[in-house]
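Chemist: Pasting in a structure now, in structure tokens, and then I'll have a few things to ask.
The values are calculated or read from the model by the stated rules, or taken from the named source; none is laboratory data. All values derive from a computational prediction rather than experimental measurement. Please note: Cβ atoms are built from the backbone with ideal geometry, for glycine as well, and neighbour counts cover all protein chains shown. To get the accessible areas, we keep the full protein, side chains included, count just its heavy atoms, and leave off ligands, DNA and RNA. Shrake-Rupley method; radii C 1.70, N 1.55, O 1.52, S 1.80 Å.
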Amino acid sequence: MKQRIRNFEKRKEEKSIQRTSSIVDIPFRFWKHYKIPALLLLVLPFVLYGYSITFGYVLDDEIVLSDNNFVKKGFAGIRDILAHDTFMGSLGKQDLVAGARYRPLSLITFAIEYQFLKLNPQVSHFINILLYGITGIVLLWLLLYLFPPENESRWFLGIPFAAALLFIAHPLHTEVVANIKSRDEILSFLFSMLALIFLIRFAAAEKKLLLPLAALCFFLAMLAKENAVTFLAVIPLALYFFRKISLKTTGIVLLPLFAGLAVYLIMRYQAIGYFFDSGKEIMGLMNNPFLGTTAPEKYATIFYTLGLYAKLLFFPHPLTHDYYPYHIPIINWNDVRAIIPLLLYLAMSVYAVLYFRKKTVAAFCILYFFTTLSIASNLFFPIGTFMNERFLYMPSLAFCILAADGLVVKLPGRFSWWNQTTGLSIILLLTVLFSVKTVWRVPDWKDIYTLDRAAVKVSVNSARANSFMGYGLYRKGLEASANEEKLKLFDEALPYVNHALSIYPTYPDALTAKAGIMAGYYQIDRNLDKLLDEFYKIQMAQPIPFIDEYLDYLEKSAGKPKLNSFYKKRLSSN
């Protein structure tokens, strides 16, 4: 009897694989059976993010695109992009963050755009949305392999469409799509999924051509962003949970991944001079937020951020692009905000271990989430910030699969009063709620001023958010024509900068912004004593090059001979 059941299950699995292969193995067949959901997943991103096509460049868009000298050479700059750290083309140096950054693929796409269209943020935003839509289609394609449908005509009731729909609508992805720089996230996940698809197909049919295709896709994923390396674990996990393959086949499947990784690491070493760590400690607080903390404080704070990640998956509010010191406070193990996430992650770990051999969907989702988040968790190596919403882009798939499985598979199988239609209704309701939040969030990314204004409302205790807001208002004041308008903007800017300095007293950006505001006041009231007193206070906290430059300017343009030397003498006497 047991043998008969095993044979039945084996035939059922083989039939499931054959059914899925016949649908998604050939693009024509995929579009024949899944044209409607694929088109919905392609169009929905344009509904949610279409407004962003009118936006300009913000944040790191300047570093990777608009102010990047390599990118602005077009095709001629691709060699330099491949040969240097990602920051080199704009800032002229590397090692600004721990481990440096080598992510040339997105910069190459920007260089190609520049070759034909020069600087055109509208086109860049359009391409980001299009790539996001393509990601939705590829995700549907992948999930059809993992969760083969019983009835192709009822595609809307299965896990693949429900999970892909939640993924596309999730508000946590707003930063990835609306910020041009985050194309590296989109490309990394897109090519990682393609590598997994090709290797699933190889495991089923052993078509040798699929191995080099998988190697190429994984290599491109690594060139996009380093977090693709987590698929070295994700792919064997997926094959274990959703396919029965031998150890030999597993080894063969891993070969193209390690080949792609090896080529990437060689290129990275040639570009930045080391594989993972330069051995130099990053001293700036904004690129090393755990600077000066004890080990217990560091890991308690890390688990606090891991708790926030879990919360944002289920309840993505409030959202911000700024998690810098000290929007995330430094806490210790006597704080419940560290203890609860620790217990949650321990419970998840225990479940994944207990149900690993049973190959439950929940166990896979937990392991996938842990694996893909690990590289950005700060648990194993520093990433230069406490956390970021874009770091959940790849891991968030676990939540989407788990929600779809629970609502349209598990609950209908457990309760007679809960059917798949009920589950789909909940999925659609979540999609609507997520979509509303996404549409509400997108306008914050219109320009740096709207983004900073949104950030200070949420990241109240972030020195960076307050400094950027103050500096933005100061810049607006400089551009104003009337003195009354200038004073109004300077008066609005100063409290933000002062708050940033109360959080981080030696913050160079905030001190520079304050010096600029003081110089702006001087241009109106001509009170030199006040200006010098304020400059003195700033310089006693941290020497700021702007002050020397401005005093030299006054010497030359305002008839103030020896002003700077007098000022420096005053400083040295104290």
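Chemist: Sort out which residues of region 386-396 are open to solvent by 10 Å² or more (accessible area, probe 1.4 Å) and either of a type in the set (Phe, Trp, Tyr) or out of contact with any helix residue (DSSP H, G or I) (no Cβ under 6 Å at 6 or more places or on another chain) (or both), and write them in order of number.
Modeler: Phe391 - this is the single residue of region 386-396 that is open to solvent by 10 Å² or more (accessible area, probe 1.4 Å) and either of a type in the set (Phe, Trp, Tyr) or out of contact with any helix residue (DSSP H, G or I) (no Cβ under 6 Å at 6 or more places or on another chain) (or both).
Listed here are the residues, each with its yes/no results for (1) crowded, with 21+ Cβ neighbours inside 10 Å; (2) touching a Phe, Trp or Tyr at 6+ places or on another chain (Cβ under 7 Å); (3) over 16 Å from Phe546 (Cβ atoms); (4) not basic (Lys, Arg).
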| position | (1), (2), (3), (4) |
| --- | --- |
| Val442 | no, yes, yes, yes |
| Tyr449 | no, no, yes, yes |
| Ala454 | yes, no, yes, yes |
| Gly477 | yes, yes, no, yes |
| Ser481 | no, no, yes, yes |
| Asn498 | no, no, yes, yes |
| Pro508 | no, no, no, yes |
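Chemist: So for region 355-366 (the condition being open to solvent by 20 Å² or more (accessible area, probe 1.4 Å), part of a loop (DSSP other than H, G, I, E, B) and of a type in the set (Ser, Thr, Tyr)), does at least one residue qualify?
Modeler: Checked region 355-366: at least one residue is open to solvent by 20 Å² or more (accessible area, probe 1.4 Å), part of a loop (DSSP other than H, G, I, E, B) and of a type in the set (Ser, Thr, Tyr).
Residues checked against (1) in contact with a Gly (Cβ under 6 Å, 6 or more places away or on another chain); (2) not basic (Lys, Arg):
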position: Arg101; (1), (2): no, no
position: Tyr114; (1), (2): yes, yes
position: Val138; (1), (2): no, yes
position: Trp141; (1), (2): no, yes
position: Leu144; (1), (2): no, yes
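Chemist: Take Ala111 and decide whether it is among the small types (Gly, Ala, Ser), closer than 30 Å to His317 by Cβ, surrounded by 22 or more Cβ atoms within 10 Å (Cβ to Cβ) and modelled with pLDDT of 95 or more. Full working, then the answer.
Modeler: Values: among the small types (Gly, Ala, Ser): yes; closer than 30 Å to His317 by Cβ: no; surrounded by 22 or more Cβ atoms within 10 Å (Cβ to Cβ): yes; modelled with pLDDT of 95 or more: yes.
When the stated conditions are applied, Ala111 does not pass them.
Chemist: While we're looking at this one, here's another question. Mind checking which pairs have a first residue in region 130-142 that is within 19 Å of Thr109 (Cβ to Cβ) and of a type in the set (Phe, Trp, Tyr) and a second that is assigned to a helix (DSSP H, G or I) and open to solvent by less than 10 Å² (accessible area, probe 1.4 Å), Cβ under 7 Å, 6 or more apart or different chains?
Modeler: Pairs found: Tyr132/Pro45; Tyr132/Val177; Tyr132/Ile186.
Chemist: Scanning for something among the β-branched types (Val, Ile, Thr), farther than 23 Å from Ala233 by Cα and crowded, with 19+ Cβ neighbours inside 10 Å, does region 293-301 turn up at least one residue? Walk me through it before giving the result.
Modeler: Taking region 293-301 first, the residues among the β-branched types (Val, Ile, Thr) are 293-294, 301.
Going one step further and asking which of them are farther than 23 Å from Ala233 by Cα, we end up with 293-294, 301.
Next, only the ones that are crowded, with 19+ Cβ neighbours inside 10 Å stay: 301.
Scanning region 293-301, I find at least one residue that is among the β-branched types (Val, Ile, Thr), farther than 23 Å from Ala233 by Cα and crowded, with 19+ Cβ neighbours inside 10 Å, so the answer is yes.
Chemist: Cβ-Cβ distance below 6 Å, separation of 6 or more or different chains: which pairs start in region 56-80 with a residue that is under 30 Å from Ala455 (Cα atoms) and end on one that is open to solvent by 40 Å² or more (accessible area, probe 1.4 Å) and not in a helix (DSSP H, G or I)?
Modeler: Hits for this filter: Gly56/Asp447; Ser66/Tyr57; Ser66/Leu119.
Chemist: Taking region 411-422 as the region of interest, how many residues are free of Cβ contacts under 8 Å to residues at least 24 places away in the same chain and part of a helix (DSSP H, G or I)?
Modeler: 5
Chemist: Go through region 461-475 and report how many residues are closer than 23 Å to Pro329 by Cα and either of a type outside the set (Ser, Thr, Tyr) or open to solvent by 60 Å² or more (accessible area, probe 1.4 Å) (or both).
Modeler: Number satisfying all stated conditions: 8.
Chemist: Pairs, please: C-beta under 6 Å, at least 6 apart or cross-chain, first residue without any contact (Cβ under 8 Å) to a residue 24 or more places away in the chain and in region 189-200, second of a type outside the set (Ser, Thr, Tyr)?
Modeler: Cβ pairs passing all conditions: Phe198/Leu210; Phe198/Leu213; Phe198/Ala214.
Chemist: Tell me which residues, restricted to region 450-474, are over 15 Å from His327 (Cβ atoms) and either among the aliphatic types (A, V, I, L, M) or at pLDDT below 95 (or both).
Modeler: Matches in region 450-474: Leu473 only.
Chemist: Could you check Phe75 against (1) surrounded by 16 or more Cβ atoms within 10 Å (Cβ to Cβ); (2) more than 26 Å from the chain's Cα centre (by Cα); (3) at pLDDT 85 or above and say which number it fails?
Modeler: (1)
Chemist: Of all residues being open to solvent by 10 Å² or more (accessible area, probe 1.4 Å) and free of Cβ contacts under 8 Å to residues at least 60 places away in the same chain in region 302-330, which is farthest from the chain's Cα centre (by Cα)? Just the residue, please.
Modeler: Ile330
Chemist: Checking the condition open to solvent by less than 60 Å² (accessible area, probe 1.4 Å) and modelled with pLDDT under 90, which residue from Glu555, Glu534 passes? Break it down into steps so the answer makes sense when it comes.
Modeler: Numbers: Glu534 fails: modelled with pLDDT under 90.
Among Glu555, Glu534, only Glu555 is open to solvent by less than 60 Å² (accessible area, probe 1.4 Å) and modelled with pLDDT under 90.
Chemist: Moving on to the next point. Given the residues Lys311, Lys298, which is the only one that is out of contact with any Asp or Glu (no Cβ under 6 Å at 6 or more places or on another chain), farther than 19 Å from Phe380 by Cβ and not in a loop (DSSP other than H, G, I, E, B)? Explain how you work it out, then say what you get.
Modeler: Working: Lys298 fails: farther than 19 Å from Phe380 by Cβ.
Result of the check over Lys311, Lys298: Lys311.
Chemist: For Ile383, are the conditions met, namely being touching a residue at least 40 places away in the same chain (Cβ under 8 Å) and either among the charged types (D, E, K, R) or out of contact with any helix residue (DSSP H, G or I) (no Cβ under 7 Å at 6 or more places or on another chain) (or both)?
Modeler: yes
Chemist: Going residue by residue through region 364-374, is there one that turns out to be farther than 20 Å from Asn179 by Cβ and over 21 Å from the mean Cα position of the chain (by Cα)?
Modeler: Looking for residues that are farther than 20 Å from Asn179 by Cβ and over 21 Å from the mean Cα position of the chain (by Cα), one finds at least one in region 364-374, hence yes.
Chemist: Here are some residues: Ala347, Ala352. Which one is part of a helix (DSSP H, G or I), open to solvent by less than 50 Å² (accessible area, probe 1.4 Å) and free of Cβ contacts under 8 Å to residues at least 60 places away in the same chain?
Modeler: Within the list Ala347, Ala352, the selection yields Ala352.
Chemist: If I ask for residues that are over 15 Å from Leu451 (Cα atoms) and in a helix (DSSP H, G or I), which ones from region 162-180 would you list?
Modeler: Step one: filter region 162-180 for residues over 15 Å from Leu451 (Cα atoms), giving 162-173.
Within region 162-180, Ala162, Ala163, Ala164, Leu165, Leu166, Phe167, Ile168, Ala169, Pro171, Leu172, His173 meet the criteria.
Chemist: Ala203 versus (1) open to solvent by 10 Å² or more (accessible area, probe 1.4 Å); (2) closer than 28 Å to Leu105 by Cα: which is the lone unmet condition?
Modeler: (2)
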